[in-house]
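**Q** Before I ask anything, here is the structure I am working with.
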Amino acid sequence: MIRCLTKKLLTVEVMPSLEFAAGSISGAVGLAVGHPLDTVKVRLQAQSMYKGFFHCVAKTYSHEGLRGFFKGMAFPVLTTGIINSVVFGSYSNALDYLTQSQHSDRIKGNPASAAHVFTAGCFSGLVQTFFNAPIDLVKVRLQGQTTADRYRGPIHCVAVILREGGPRGLFRGGLALALRDVPCYGLYFLPYEVTRKALTESGKQPGTFAILMAGGVAGVVTWAFATPMDVVKARLQMSGAGGREYNGVLHCMRVSIREEGVRVFFKGLLLNSLRAFPVNAVTFLSYESLMKIFCPPAR
């Protein structure tokens, strides 16, 4: 009895840290897969000099070579562990709290309700915003510059932002990021759970195909809703760094609609969808595989 109780207490204490670790590693894998396309997406959204995807790719390659597609990657790679561990860790632990169950219980056939999944996802989106805002700002600014005239690297970029705007400058575009991520992380986990359940036989654990498809579907659905605010976020983040100056979210939206029409909010949508499927398929597969290693199901 004492041994059983001790084992249960250890599981409760260790599970949160393992979920954070699994999210950290899976996030790094997903980032490595999708960064080149993300660079093209940021440039299409924040700058109007490109006629489309292929024009942006050609211009980037001709002026900067292959290295141009990996601008700003070092900083996210070093910090993606923090962001994804926060996302997956806060989501899983919020779901544990809401359902009074654990990850292994839900995998074995006790799925959480849609309301619980959406709420836990929104919570994870809110929490990660505080960590992600400065990191995403640096990434976007490094991706957006076509020469090294302004920023020599992530550390120099942070120093310039702090010198010009103080600590608040690191959170430029933070409201747009929150408006994008809080509801969209709720949507992110919901189609994943639904698709994974639909592709898994009753009483069995989800296989590789089910996880890959569920992760890919989750990514595409999420970016379909996230792209309009993603455009606003990118423009606000480039504001004051060679991009047009905007006074806030509403001002950015008004100016963008007036000059480019409503379609401006869907810039990068196709690219986001193409990038989202493989990136999120790999991310979720890595996460679920690591959770199986860290916390093997009881036999």
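The values are calculated or read from the model by the stated rules, or taken from the named source; none is laboratory data. Model, not experiment: these values are computed from the prediction. Using ideal geometry, Cβ is built from the backbone for each residue, glycine included, and neighbour counts are taken over all protein chains shown. Ligands, DNA and RNA are stripped out before the accessible areas are found, and what is left, the full protein with its side chains, is counted by its heavy atoms. Shrake-Rupley method; radii C 1.70, N 1.55, O 1.52, S 1.80 Å.
**Q** Could you grab me the full set of residues in the stretch 152-181 that are assigned to a helix (DSSP H, G or I) and either closer than 20 Å to Phe277 by Cα or free of Cβ contacts under 8 Å to residues at least 12 places away in the same chain (or both)? Explain how you work it out, then say what you get.
**A** Step one: list which residues in the stretch 152-181 are assigned to a helix (DSSP H, G or I), which gives 154-169, 174-181.
Within the stretch 152-181, Ile155, His156, Ala159, Val160, Leu162, Arg163, Gly166, Pro167, Arg168, Gly169, Arg180, Asp181 meet the criteria.
**Q** Restricting attention to the stretch 179-202, which residues are more than 16 Å from Ser90 (Cα to Cα) and either of a type in the set (Ser, Thr, Tyr) or open to solvent by less than 40 Å² (accessible area, probe 1.4 Å) (or both)?
**A** Selection gives Arg180, Pro191, Tyr192, Thr195, Arg196, Thr200, Ser202.
**Q** Restricting to the stretch 67-89, what's the tally of residues that are in contact (Cβ under 8 Å) with a residue 40 or more places away in the chain, over 21 Å from Leu285 (Cα atoms) and buried (at least 18 other Cβ atoms within 10 Å of the Cβ)?
**A** 5
**Q** Also, quick follow-up: Condition check: in a helix (DSSP H, G or I), open to solvent by less than 50 Å² (accessible area, probe 1.4 Å) and either closer than 24 Å to Phe88 by Cα or out of contact with any Asp or Glu (no Cβ under 6 Å at 6 or more places or on another chain) (or both). Does Met229 satisfy that?
**A** Here the answer is yes, as Met229 does meet what is asked.
**Q** Can you go through Val57, Val117 and tell me which one is open to solvent by less than 40 Å² (accessible area, probe 1.4 Å), at pLDDT 85 or above and part of a helix (DSSP H, G or I)?
**A** Numbers: Val57 fails: open to solvent by less than 40 Å² (accessible area, probe 1.4 Å).
Unique residue meeting the criteria: Val117.
Residues checked against (1) open to solvent by less than 30 Å² (accessible area, probe 1.4 Å); (2) modelled with pLDDT of 90 or more:
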site	(1), (2)
Lys233	yes, yes
Gly242	no, no
Ile257	no, yes
Val262	no, yes
Phe265	yes, yes
Gly268	yes, no
Leu271	yes, no
